[in-house]
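*Asks:* Sending over a structure as structure tokens; questions will come in a sec.
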Amino acid sequence: MAVEHIDWDALTVRGTCQEIEKRYLRLTSAPDPSTVRPEEILEKALLMVQNSQKNYLYTCDQLKSIRQDLIVQRTRNHLTVKVYEAHARFALEVGDLPEYNQICRPIDMQVTTSCIYSVKKLNQLVQ
């Protein structure tokens with residue numbers, strides 16, 4: 001089957017894991033939905049990481065895990081932007097340029113621009 005004929009939405013994982021804290025593990029097979037956190041849990045996980053006083057390795061591990069859960073669910077919205085921004089800022093604060101470069105590599109400017117536009121539009125509706 002050609003790539004352009006694959007229904008990616010049908011293959012997208014929808015997470016059911018309710019654990020806020022989850023270690024990052026490199027995927028070696030298709031993700032199991034029971035190990036992937038849904039968006040509302042990822043919001044809580046990001047807040048937990050941002051309020052944590054734990055060390056750099058722990059924080060980096062948690063942020064990688066959050067990013068991975070966003071990626072496997074094909075989540076591209078305001079939360080995605082917040083997570084990538086938080087992780088990039090954190091890496092820069094501690095001077096970890098290799099980590100920063102790894103974070104920035106997959107960021108798609110079109111997705112980022114779309115997210116920013118959506119947030120601005122929502123803000124206009126609320127005001």
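The values are calculated or read from the model by the stated rules, or taken from the named source; none is laboratory data. Just so it is clear, the model here is predicted, and its values are computed rather than measured. Backbone-built Cβ (ideal geometry, glycine too); neighbour counts: all protein chains shown.
*Asks:* For region 98-111, how many residues are modelled with pLDDT of 60 or more and of a type in the set (S, T, N, Q)?
*Replies:* The qualifying residues number 2.
*Asks:* Which condition number does Ala45 fail, the rest of (1) more than 13 Å from the chain's Cα centre (by Cα); (2) small (Gly, Ala, Ser); (3) at pLDDT 95 or above being met?
*Replies:* All conditions are met except number (1).
*Asks:* Go through region 53-78 residue by residue and tally those that are under 18 Å from Tyr24 (Cα atoms), part of a helix (DSSP H, G or I), in contact (Cβ under 8 Å) with a residue 40 or more places away in the chain and not small (Gly, Ala, Ser).
*Replies:* Adding up the residues that qualify gives 6.
*Asks:* Just checking, does region 90-97 include any residue being closer than 25 Å to Val13 by Cα and either at pLDDT 95 or above or of a type outside the set (Val, Ile, Thr) (or both)?
*Replies:* No, every residue in region 90-97 fails to be closer than 25 Å to Val13 by Cα and either at pLDDT 95 or above or of a type outside the set (Val, Ile, Thr) (or both).
*Asks:* Hey, another quick one. Surrounded by 14 or more Cβ atoms within 10 Å (Cβ to Cβ), of a type in the set (Phe, Trp, Tyr) and assigned to a loop (DSSP other than H, G, I, E, B): which single residue out of Tyr24, Tyr84 fits that description?
*Replies:* Unique residue meeting the criteria: Tyr24.
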